[in-house]
Protein chains: 2
Amino acid sequence: MQTELSDQLGIEHAVFGFTPFPAVAAAISRAGGFGVLGAVRYTAPDDLRRDLDWLDAHTEGRPYGLDVVMPARKVEGVTEADVEAMIPEEHRRFVRDTLAAHGVPALPEGEAAGWRITGWMEQVARSQLDVAFDYPIRLLAGALGSPPPDVVTRAHERGVPVAALAGSARHARKHRDAGIDIVVAQGYEAGGHTGEIATMVLTPEVVEAVAPLPVLAAGGIGSGAQIAAALALGAQGVWLGSLWLTTTEAELHSPALTRKLLAAGSGDTVRSRALTGKPARQLRTAWTDAWDDPAGPGPLPMPLQGLLVAEAVSRIQKHEVEPLLGTPVGQIVGRMTEERRVQDVLDDLTRGFERAVDRINRIARRSGTS
Amino acid sequence: MQTELSDQLGIEHAVFGFTPFPAVAAAISRAGGFGVLGAVRYTAPDDLRRDLDWLDAHTEGRPYGLDVVMPARKVEGVTEADVEAMIPEEHRRFVRDTLAAHGVPALPEGEAAGWRITGWMEQVARSQLDVAFDYPIRLLAGALGSPPPDVVTRAHERGVPVAALAGSARHARKHRDAGIDIVVAQGYEAGGHTGEIATMVLTPEVVEAVAPLPVLAAGGIGSGAQIAAALALGAQGVWLGSLWLTTTEAELHSPALTRKLLAAGSGDTVRSRALTGKPARQLRTAWTDAWDDPAGPGPLPMPLQGLLVAEAVSRIQKHEVEPLLGTPVGQIVGRMTEERRVQDVLDDLTRGFERAVDRINRIARRSGTS
C-alpha cells in the first residue's frame, strides 16, 4: 500500500494511525504505517515529554507524528473558572440525576477528572508544540480548523509537513489556503468530531478541491478492501483511528469498554453532542441517549459541554458503569470483533488490500479495461 | 465494468439505474446499463401498461427491470379515508400555514394531487405486478422489506431475479432468507429512504452477510472512481438513482427544480421524515426545515405524513415555489453540475472507472502487490 505520499514520508504503507496511546503509535510505525499520537490529553508538558521520549525510543527510527488540537477561535484571558460559571444549574442537576439513576459512585478522594478544558485551549496547544518540536516528529496534524500561520511556518522551518482534518470541500480549501500540506478528508462514518458527508462522497470532492495536495481518507476504513476503495477515490493514503482501540497495545484500562467495543455492530454508534458539545460519533449508550432525549435539557455548546461532563465521564470510566460506558468510535466498530496485535491488524489490511486489487483487476480484465 | 452478475444478466456495464422516468430507463439500458423503472407513482394499471409498452419498444431488446414498493406490513381493508381520519388537525393547520407563509397557490381546478397513498398499498403493488409479468422484465426490485414469498415464487417461475434494498446486514440476511437473488446495500448518503450506515461500511458488511449472493452498492455513487471503490468493497455492481435526475431524458417538468439540483452541493441534502414519515434523504428546503423544526409539530409516521403532504407537494411543484421545492436525492447531488444525456453519463462513468483502475494498479505495482 505505497503511494507517492508514503514514499515521500519514508513509510512502507500509506496507513496513518491516530491514537491517544504511545504504545499503539509506536507499534503502527514499527509495522510500517505512520503512528500519530493524539496530544489533547496532555495538559502538562512534562507528561507529553515523557511519552514522546518513550515513543521515540520504541519506533526503531521509523517516522511518527503528533496530533494537536488547535482551537479555530482564540479565547484570550478566559479561565476554566470563567467557563464553569457559564454552565446552567439545570444542566448540572441533569448530570447529577443521570449519574444517580445509574448508581455511579464518586471518584476516589484526591483523584481528578481526566479530561480538562485546558487541553483544548490555545496556550496549552502551544506548550505541546514547544515540546513536540524538541522531537524528530515527521508530521504535525490538527483537528478543529487550520493551525495558525505561525505554527505552520514553524513546522515548515523544521521540515515537518502539516495535516489538517476537513469534513467538507470548503473546509479543505481553507486548509490549503492556510498552507497545509496534507488534508485528511473525514467522513460522516468516522469516530469523533465529524460532519454529515460520507467518505464515499467526501473523499473525491476533497481530492478535487485541493489538488495537487495529497488527501488521506478517514471514516469507515478498517479493512484492506476499504483502503483500496479509498485509494480508488483518489486518496493517497488512509487515516485510521477506531481500529486501534481494540488492539492489545491499546491502554483503555477498561475490560468492560473493550467488551462493549468488540460486541458493537456498525449500527451501535451515534453522532451526538453529548461528549463535547459538537457532533462527535461515539458508542451509543444510556449516557448519549439521555443527552439526545428531547425531554432532557440537551447538550451545551463547546466548550461548556466538555467541561460539564468531564468529572461524570471519569466516574463512569473509573467504575466501568456498563450502560453509560462509551468512547468515540466510528461505524467501523462492527469490524472490531477480537483483540489483535497492531502488527496483525496491519498484516490483515495488507492482505485484504491485495485481495481487493486482484478483484478489481479481474473485473477490469473482464471489461477489457486493462 | 463487467462482473459475473452483469454477464449473467447480459448487460455490458454492472450499472443499475433506478428512475421514475421511462425515457431514462430506456436510455440506461440502451447505453449498456440496466434501466429499472420505479412503479410507485402508477396507481392505475393502464398507466403502467402504457409506459411499459413504450419502454419495451425503446430498449432495443436490452434488459430492463421494474421496482415495486411492497409494504412490509399488510394492512387489510384499510382505505385512504381511514388513514385520512387519523391525521391530527394540528398537522393539517401546519401544512396550510406553511404554504400560506410562502404564498403557494392552490392547484388548478380539477387537477388532482400526484402522489397518493394507494401507490404504497399492497393491492396496488400486486396490480402493478400483474401488469409487469406481461412484459419481459429481467429484474424485479423492491424497497421497504422483502417481497412476499408468493411474489418471489411468481418471479422465479418466470426466470426473473428479485432484488431488494437493505440498509443493514441484518436486513440483508432477512432478504436472503426470503429467497431474494440480489441485495442492494443502500448507504446513508443515498437519496430516498435510507438508514444510518454509510456505503463504505455497509457494502462489505452486506457482501459478507449474504455471500455468495451478489450485492449492488447504492448511495454516494456518481462517478467511475466511486464505482471502482464499490467493486473493491466486494459489490458486483452499483445501483444509481440520483445521477439521472439531471439528465436531458429526465421528465422533471420543473426548470426551477433542475436549477436547484445543478446548484446544490453535497451538504445541501437532509435525511428527513418530511416526505413520507420515514427518514428519506432529499434536498434541504424551507419545507424540510419547517418539518424538522423542533418548534413545529414534526412529521407524522408513515403512511400518514405522505398522505398529509401529498397535495401540498403537488402545489409546490406545480407552481415551482422555489424555497419549498425539493426532491429525494443523495449526497452525490454535488457532482450533478450540468444537464447531460444518459449516454454521456455512462461514458463518463466508464472512463472514470478506467482511470481509477489505472490508479489502483499504479499503487499496487509500487507496493509490489501485483
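A label point on B:A100, set 7 Å along the Cα-to-Cβ line, lies at 4.7 nm from each of its counterparts in the other copies, closest listed first. P(r) tail for segment B:1-101: Cα pairs beyond 17 Å make up 65% of the total. Express the Stokes-Einstein translational diffusion coefficient of the protein assembly as shown in µm² s⁻¹, to the nearest whole number, given a Kirkwood radius over alpha-carbon pairs, 37 °C and a viscosity of 0.692 mPa s. D = 121 µm²/s. So if I take the centroid of the Cα atoms in segment B:279-310 and the same for segment A:300-366, what is the distance between those two points in Å? Comparing the Cα centres of segment B:279-310 and segment A:300-366, I get a distance of 33 Å. Put in line by how crowded their Cβ is, counting other Cβ atoms within 10 Å and starting with the fewest, B:H175, B:H156 read B:H156, B:H175. Between B:E89 and B:D344, the simple spin-label model (points 7 angstrom out along Cα→Cβ) gives 5.4 nm.
Per residue of B:345-357, other chain Cβ atoms within 10 Å of the residue Cβ number 3 on average. Calculated translational diffusion coefficient of segment B:190-259 (10 °C, 1.306 mPa s; Stokes-Einstein with Kirkwood radius over alpha-carbon pairs) equals 119 µm²/s. At each listed q (0.10, 0.12, 0.14 Å⁻¹), what is the log10 of I(q)/I(0) that the Debye formula gives for chain B modelled as equal alpha-carbon point scatterers? Taken in order of the listed q values, log10 I(q)/I(0) reads -0.61, -0.90, -1.24.
Peptide A:200-211 is shielded by partner chain Cβ atoms: per residue, an average of 6 of them sit within 10 Å of its Cβ. Can you give me the relative contact order of segment A:148-227 as a percent, contacts being Cα pairs under 8 Å and 6 or more apart? In percent, rounded to a whole number, it is 27. The magnitude of the dipole of chain B, with charges of +1 and -1 set on the Cβ of Lys/Arg and Asp/Glu and taken from the Cα centre, is near 1000 debye. In this rough spin-label picture, where each label sits 7 Å from Cα along the Cβ direction, the B:E4-A:Q8 distance is 4.1 nm. Using a cut-off of 28 Å between Cα atoms, the listed pairs B:K174/B:K278; A:K278/B:K174; A:K174/B:K260; B:K174/B:K260 include A:K278/B:K174; B:K174/B:K260 as exceeding that distance. Summary of packing: across the peptides B:84-95, B:287-298, the per-residue average of other C-beta atoms within 10 Å ranks them, highest first, as B:287-298, B:84-95.
Helices in chain B, meaning DSSP H runs of at least 4 residues, each add -39500 (n - 2.57). Divided by all residues, the mean residue ellipticity at 222 nm is -12500 deg cm²/dmol.
Modelled this way, with points 7 Å down the Cα-to-C-beta line, the labels at B:E157 and A:R158 are 7.5 nm from one another.
Against chain A, whose longest principal axis is taken from its Cα atoms, helix A:342-366 shows a tilt of about 50°.
Counting other Cβ atoms within 10 Å as a rough exposure proxy, the listed residues B:L140, B:L346, B:L262, A:L37 run B:L262, B:L346, A:L37, B:L140 from fewest neighbours to most. In terms of the mean number of neighbouring beta-carbon atoms within 10 Å, the peptides B:361-367, A:30-36, A:106-112, B:207-213 order highest first as A:30-36, B:361-367, B:207-213, A:106-112. For the peptide B:222-228, the mean number of other protein chain Cβ atoms found within 10 angstrom of a residue's Cβ is 5. Helix B:89-101 sits at what angle to the longest principal axis of chain B, using alpha carbons and giving 0 to 90 degrees rounded to 10? Long axis of B:89-101 versus the principal axis of chain B: about 80 degrees. Between this copy and the others, label points of B:L252 are 4.6 nm apart in ascending order, each placed 7 angstrom from Cα in the Cβ direction. Per residue, the average separation of C-alpha pairs within less than 8 Å and at least 6 apart gives segment A:281-334 a relative contact order of 59 percent. Take B:F133, move 7 Å from Cα toward the beta carbon, and the resulting point lies 7.6 nm from the same point in each other copy, nearest first. Normalised by the number of residues in segment B:207-294, the average gap of Cα pairs under 8 Å and 6 or more apart makes the relative contact order 17 percent. Counting every other Cβ atom within 10 Å of each residue's Cβ, B:T258, A:T285 order from fewest to most as B:T258, A:T285. For the peptides B:214-226, B:44-56, B:301-313, A:184-196, residues were scored by their other Cβ atoms within 10 Å and the scores averaged per peptide; the highest-first order is B:214-226, A:184-196, B:301-313, B:44-56.
Coordinate-derived values only; no laboratory data. For clarity, every value in this text was computed on a predicted model and none was experimentally measured. Note: ideal-geometry Cβ built from the backbone for every residue, glycine included; neighbour counts use all protein chains shown.
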